[in-house]
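The structure appears below as structure tokens.
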Number of protein chains: 6
Amino acid sequence: MSKSVLIVAAHPDDEVLGCGGTIARHVAEGDVVHVVFMADGVGSRGDGSTYQHQRRNIARDQALEVLGVSECNAFDFPDNCMDSVPLLDVVQALEPIIEQVQPTRVYTHHSGDLNVDHCVTHQAVMTACRPMPGSSVREILTFEVMSSSEWATPSVTPFVPNAFVEMSDYLSKKLEALAAYEMEMRSAPHSRSVAHIEALARHRGNCVGVDAAEAFVVIRMVE
Amino acid sequence: MSKSVLIVAAHPDDEVLGCGGTIARHVAEGDVVHVVFMADGVGSRGDGSTYQHQRRNIARDQALEVLGVSECNAFDFPDNCMDSVPLLDVVQALEPIIEQVQPTRVYTHHSGDLNVDHCVTHQAVMTACRPMPGSSVREILTFEVMSSSEWATPSVTPFVPNAFVEMSDYLSKKLEALAAYEMEMRSAPHSRSVAHIEALARHRGNCVGVDAAEAFVVIRMVE
Amino acid sequence: MSKSVLIVAAHPDDEVLGCGGTIARHVAEGDVVHVVFMADGVGSRGDGSTYQHQRRNIARDQALEVLGVSECNAFDFPDNCMDSVPLLDVVQALEPIIEQVQPTRVYTHHSGDLNVDHCVTHQAVMTACRPMPGSSVREILTFEVMSSSEWATPSVTPFVPNAFVEMSDYLSKKLEALAAYEMEMRSAPHSRSVAHIEALARHRGNCVGVDAAEAFVVIRMVE
Amino acid sequence: MSKSVLIVAAHPDDEVLGCGGTIARHVAEGDVVHVVFMADGVGSRGDGSTYQHQRRNIARDQALEVLGVSECNAFDFPDNCMDSVPLLDVVQALEPIIEQVQPTRVYTHHSGDLNVDHCVTHQAVMTACRPMPGSSVREILTFEVMSSSEWATPSVTPFVPNAFVEMSDYLSKKLEALAAYEMEMRSAPHSRSVAHIEALARHRGNCVGVDAAEAFVVIRMVE
Amino acid sequence: MSKSVLIVAAHPDDEVLGCGGTIARHVAEGDVVHVVFMADGVGSRGDGSTYQHQRRNIARDQALEVLGVSECNAFDFPDNCMDSVPLLDVVQALEPIIEQVQPTRVYTHHSGDLNVDHCVTHQAVMTACRPMPGSSVREILTFEVMSSSEWATPSVTPFVPNAFVEMSDYLSKKLEALAAYEMEMRSAPHSRSVAHIEALARHRGNCVGVDAAEAFVVIRMVE
Amino acid sequence: MSKSVLIVAAHPDDEVLGCGGTIARHVAEGDVVHVVFMADGVGSRGDGSTYQHQRRNIARDQALEVLGVSECNAFDFPDNCMDSVPLLDVVQALEPIIEQVQPTRVYTHHSGDLNVDHCVTHQAVMTACRPMPGSSVREILTFEVMSSSEWATPSVTPFVPNAFVEMSDYLSKKLEALAAYEMEMRSAPHSRSVAHIEALARHRGNCVGVDAAEAFVVIRMVE
């Protein structure tokens, strides 16, 4: 039975880094996938020019096309400064989308990432997806984003996965989608390098006996 | 010996949801109970009109009357947006009240609630009640508020109670006080329904061998 | 698609207390349910006579019949003394059952229960179900057992659920199955009373917007 | 109103190290204090001779006399080897004492100490004091024992106190009682030195604005 | 081999309270020590006058001179209101200093302090010191500041040290440097009293078998 | 300055899986490395014959030779059944070795592994290395062992590393030493496959900006 899946990512590239293979698998299995971006990912930089903004949008569109995603929303919350916005504003931006998409499964950022936009996004999703009678959302899972999840203070809220989605057949799609974001990727041995993303996929997969996987934390599951 | 008890609640209705039975018991046992509200609970809504504001205040006064509380302060911090205020402002609002009321026991919100006003209130209470020589505060306990404490990310700062106040004889008062807030309550099986609040009271009580109880986390106790 | 479900319970009655409604729902939905008991639940008592043993077995058979379970194994590890057995022995008892039943979902005890048999059972299940290539097990969930999970030291490994199985239509079956174990149940307001189990079911359900649910912790999920 | 207080210590000297000042204060305030020891504290040593055993008992009696305690039980569980005994045996030793003493407050070891007897003692107390209807126990608090609580793996179950009992007027009694156990004490800067115990008392006290205190974790409180 | 050490403190006096003895030891061992202050420590007070500001700066200079530190930067982020600044601004202030100082070891505040400036400072340091290829930073350690670290909600992110720097020979320097901040210090038994700081140093030292130490949490270490 | 390094591993192969690259680096840097094994790693198997035992010993000797380790002790605690031995016996076996080797740094198992021998070994090392005055041990670090650390219940005591030892130049040695244990290794995508160990090394390294690393938790560090 086809599912409606929502991914809420802080910036374009987080959706691929966090769950690109899983997105490709959902699409392949006939699920409807909708992606939301909260900020543009370039506004906070010295060179956050219109040109950079356009490049990032083009990359985003290419990546989504590789993954087979056609539905997407992009907000323009202040990049890398989402802590300067009242949380309520972020929640109220998400609520109409939840209402419209009626997702059964939602993927979003880990609550304890180093990046402040990731944390705010997580918190807003939790509020927008509260389990009231009639809510469509049955599952909330959080993903890890290299160069953020693993760089946070380890003792506070570490990313300790309890869910693994095999994506052995979709790892190539994930890497292809990452290639679209080449301006965001760094050379190995940087944590946000293609080589690392592939090593991580092998590691997460082998931990549960498959070739490649993405890892998640189950936040809530209602059957 | 009569105690001075302070409840610091983010919004009118949190005091009843969190510790209404305990308040009624304190009053019955001759303790002096003072309640502080940080925000009005309606300002953040589309219909946060004067009319709504007045209705909420009337409900609040009725609820406090049912519980037997006569001392109360109400601040007008921005509703559901207390993260937009520097924490210091919230602390400085509370300090004169602590000074005046000289509470020995303080009840407030759990640190890890979904609602951002609850979190800010907790944090401000912790600062306003720091254990300096001469401080009147001997005990700080945090309560749970259904539709907020249990809806937060479970792995972060879950509400795991270690204190239970029996309120078997005061559960009816709690439910009566909730009735005053009927505009805030929802129909079962919503988490903020009267039926759920009663089931929770039974659950928390039975866990420690009594008919009904409210559950708390002891944050600090000085004897 | 029909699932193969395995429940590993320390003692007869734990399977009903922990996930009786969920079992009934699995059966109703056509899944194959297999239950394993590790100890007899009476051996550690002063009156752990043959008569008590037989009564407990009869109760167990009645309960399983109410729930619709026909497959069951019972080991005779020392009751309430499973800490006196090397963990390896417990693991080696479980492994042939995993091999034979080929479960996709496994339910067992919470790792942090007060009862030592519950802890040992949890630990053995984790070892017997390690995620090697070819393992049938896709999901491990742990349940709570009143008078054990909530009585443990709260700060150590509290039961903080992240999965909820609605059982509104099966709560009556759960209570009926508990009736078979009346010799194990206590009068309210004891934590292991029928009234408490029902209040807990309402509470767990209302937390996620349904009438009644059983709560679990997702330990591992592989898709 | 006079309270009945029970201290459950693994070895003679733990009761003084953990809560000697608090014991002296309870006695001074008219409470009835009963102390239970689980093992003799010398059996595990190469020199665990009868002579050592007698010396330790004499020290114990002197220490209790200094603190003003007249009621005491001593079990002879295998010293430093309580992990070799089924937990149930330890629980069943404690239950008749709980029944007889009818304590309202119980002090025992922290669950996460380095010393295995401390851990077993904690676990057994939790089982013997489960909160069933009619139980006398209203409060369980755990204490820290230098050279054990602070030497455990810090990330597992650290001792993070939330309760402080002022004992400024009883610190001298605590140090006097420790003097009785001089054979167990070490020279500074060893963690189990008199100088350290005094520094710790100052530290715990000053954290909450008093001259000297003992620190505890509230495990359960029922009012 | 001489190390480059960076201390990032929220306010003047935090560097001495948190790691004054360790600073003195680094200096004595020939390491280059650089201290950064984020806010002036007086701006948030009613009497945050120019005069107070100057006094605090004079104290700071005296303290650093006692410790032997010659390199120092001071930002003027809003005192006790650093939560009102986007985190990105704080990070961008720190990055050029990291770039210039090229520290191998960084000391900063614990992530879970009561004081909001401490928390923001910690978070900003974590971002400014992310472990990219070529980063000079090999070690990040966090210190405790009495009247803040121990006054936070104990169950959230307690300070549980895993690193201890002996400073038996430098405790007198630490106390001398604290004397410079006498306007910030309080009389015993206040937590921020000289007597408490000394008791804490003894306690932290004795826990690991030395006369005096400062305690830290290792956040990250790369060899 | 040459260091004395001690590795305490439960079974032959754990030393390579956990810190083989780090061992090779210590040796290359002139440190003296001593390895202790607690059990033989084959005794618990159906085919735990003399032949298997000899094969494992030969593999062990080859692996140690590849890594350059010449000092080694092997105990014969019951394989995979170390929970059947009193902890004290394990501690007393280790103490003379600590006394003789006088290590400054100790590596051992993570406290929360699935394998019970790993847990017992960790606990015994903590006791044998308690930080008394005069102890040689300045650092205790714990390593992860694939097919055990990552298979434990994730919410209990997850392995969340805070220390990383670069071993880019020694990864080939680690893989070569693993080859000696080929009878213990499994084919990919099993978690204990050579391919996984290499992917993990890349992942741990890239997280901190280097090509390959082993990850550890700092348990205690005294400078």
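The values are calculated or read from the model by the stated rules, or taken from the named source; none is laboratory data. Bear in mind the structure is a predicted one, so any value in this text is a computation, not a measurement. In this analysis, Cβ positions are derived from the backbone assuming ideal geometry, glycine residues included, and neighbour counts consider all displayed protein chains. Ligands, DNA and RNA are excluded from the accessible area calculation, which covers all protein heavy atoms including side chains. Shrake-Rupley method; radii C 1.70, N 1.55, O 1.52, S 1.80 Å.
Points worth noting:
- Gyration tensor (alpha-carbon) shape descriptor, segment B:148-223, a/c threshold 1.5: oblate
- Beta bridges per DSSP with both ends in the protein assembly as shown, % antiparallel, nearest 5: 30 percent
- Protein heavy-atom accessible area occluded, C/A pair - total, 1.4 Å probe, Å²: 1700 Å²
- If only the Cβ of Lys and Arg carry +1 and only the Cβ of Asp and Glu carry -1, the dipole of segment C:1-157 around its Cα centre is close to 280 debye.
- Neighbourhood charge, 12 Å Cβ-Cβ cut-off, centred on B:Pro103 and excluding it, Lys, Arg +1 and Asp, Glu -1: -1
- Alpha carbon Rg of segment B:39-113, scaled by the compact-globule rule 2.2 N^0.38 Å: 1.24
- Rounded to the nearest Hz, the phi-derived 3J(HN,Hα) couplings of segment C:180-191 under the Karplus curve 6.51 cos²θ - 1.76 cosθ + 1.60 (θ = phi - 60°) are 4, 8, 4, 5, 8, 7, 10, 6, 4, x, 5, 5, where x marks glycine and proline.
- Label 7 Å beyond Cα on the Cβ vector: E:Asn57 copy-to-copy distances, nm: 4.8, 4.8, 7.3, 7.5, 8.8
- Closest approach of any chain A Cβ to the axis that rotates A onto D belongs to A:Ser155, 4, distance given in whole Å.
- For chain F, share of DSSP beta bridges that run antiparallel, in % to the nearest 5: 30 percent
- In range of the label at E:Met183: residues from segment E:55-78 whose backbone nitrogen is under 12 Å from the point 7 Å along Cα→Cβ: E:55-61
- Inter-chain Cβ neighbour count for E:128-136, averaged per residue, equals 5 (cutoff 10 Å, partner chain atoms only).
- Distance distribution P(r), segment F:1-83, all Cα-Cα pairs, bin width 5 angstrom from 0: 3, 16, 26, 23, 15, 10, 5, 2, 0, 0 percent.
- Under a 5 Å amide H cut-off, with hydrogens placed 1.01 Å from N, E:Ala74 pairs with E:Phe37 among residues at least 5 apart or on other chains.
- Placing a pseudo-label 7 Å from each Cα along the Cα-to-Cβ vector at A:Gln62 and A:Met1 gives an inter-label distance of 4.0 nm.
- Ligands, DNA and RNA are left out, and with a 1.4 angstrom probe the accessible area of segment E:26-68 is 46 Å² per residue.
- Rounded to the nearest 20 debye, dipole of segment E:68-188 from Cβ charges on Lys, Arg, Asp, Glu: 340 debye
- Averaging Cα coordinates gives a centre for segment A:1-72 and one for segment F:136-178; these two points are 34 Å apart.
- Scalar couplings 3J(HN,Hα) for segment E:197-211, obtained by applying the Karplus form with A = 6.51, B = -1.76, C = 1.60 to θ = phi - 60°, are 4, 6, 4, 4, 4, 5, 4, 4, x, 4, 4, 10, x, 10, 5 Hz; x denotes Gly and Pro.
- Peptide C:138-147 - average C-beta neighbours from other chains (10 Å radius): 2
- Of C:Ile197, C:Tyr181, C:Ile219, farthest towards positive along the dipole that unit charges on Lys, Arg, Asp, Glu beta carbons give segment C:121-223: C:Ile219
- Per residue, the solvent-accessible area of segment A:96-188 (1.4 Å probe, heavy atoms of protein chains only, all protein chains present) comes to 31 Å².
- Rounded to 0.05, the FRET efficiency of the F:Ser70 and E:Phe75 pair, given R0 = 41 Å and the Cβ-Cβ distance, is 0.15.
- Mean projection of the Cα convex hull over all viewing directions, computed for chain A: 11.9 nm².
- For the protein assembly as shown, the Cβ-based charge dipole about the Cα centre amounts to some 0 debye (Lys, Arg positive; Asp, Glu negative; other atoms uncharged).
- Straight-distance crosslink candidates among aspartates and glutamates, where the alpha carbon sits under 16 Å from E:Lys173 and sequence neighbours closer than 8 are dropped: E:Asp13, E:Asp14, E:Glu15, E:Glu29, E:Asp61, E:Glu65, E:Glu182, E:Glu198, E:Asp211, E:Glu214
- Using all pairs of distinct alpha-carbon atoms, the Kirkwood hydrodynamic radius of segment B:104-163 works out to 12.1 angstrom.
- In sequence order, segment B:23-35 has phi-based couplings of 4, 4, 5, 4, 4, 4, 8, x, 7, 8, 10, 10, 10 Hz under the Karplus curve 6.51 cos²θ - 1.76 cosθ + 1.60, θ = phi - 60°, and Gly or Pro positions carry x.
- Summing Lys and Arg as +1 and Asp and Glu as -1 over all other residues whose Cβ lies under 14 Å from the Cβ of F:Val160 gives a net charge of -3.
- Label geometry 7 Å along the beta-carbon vector: F:Met1 inter-copy distances in nm: 1.5, 5.6, 6.2, 6.3, 6.8
- Cβ-vector label at 7 Å, C:Asp76, separations to other copies in nm: 3.4, 3.4, 7.7, 7.7, 8.4
- Near F:Arg25: Cβ cut-off under 11 Å, other residues only, Lys/Arg at +1 and Asp/Glu at -1. The net charge is -4.
- For the protein assembly as shown: rounded, prolate or oblate by the Cα gyration tensor [a/c cutoff 1.5]: rounded
- Length-normalised contact order of chain F in % [C-alpha pairs under 8 Å, at least 6 apart]: 24 percent
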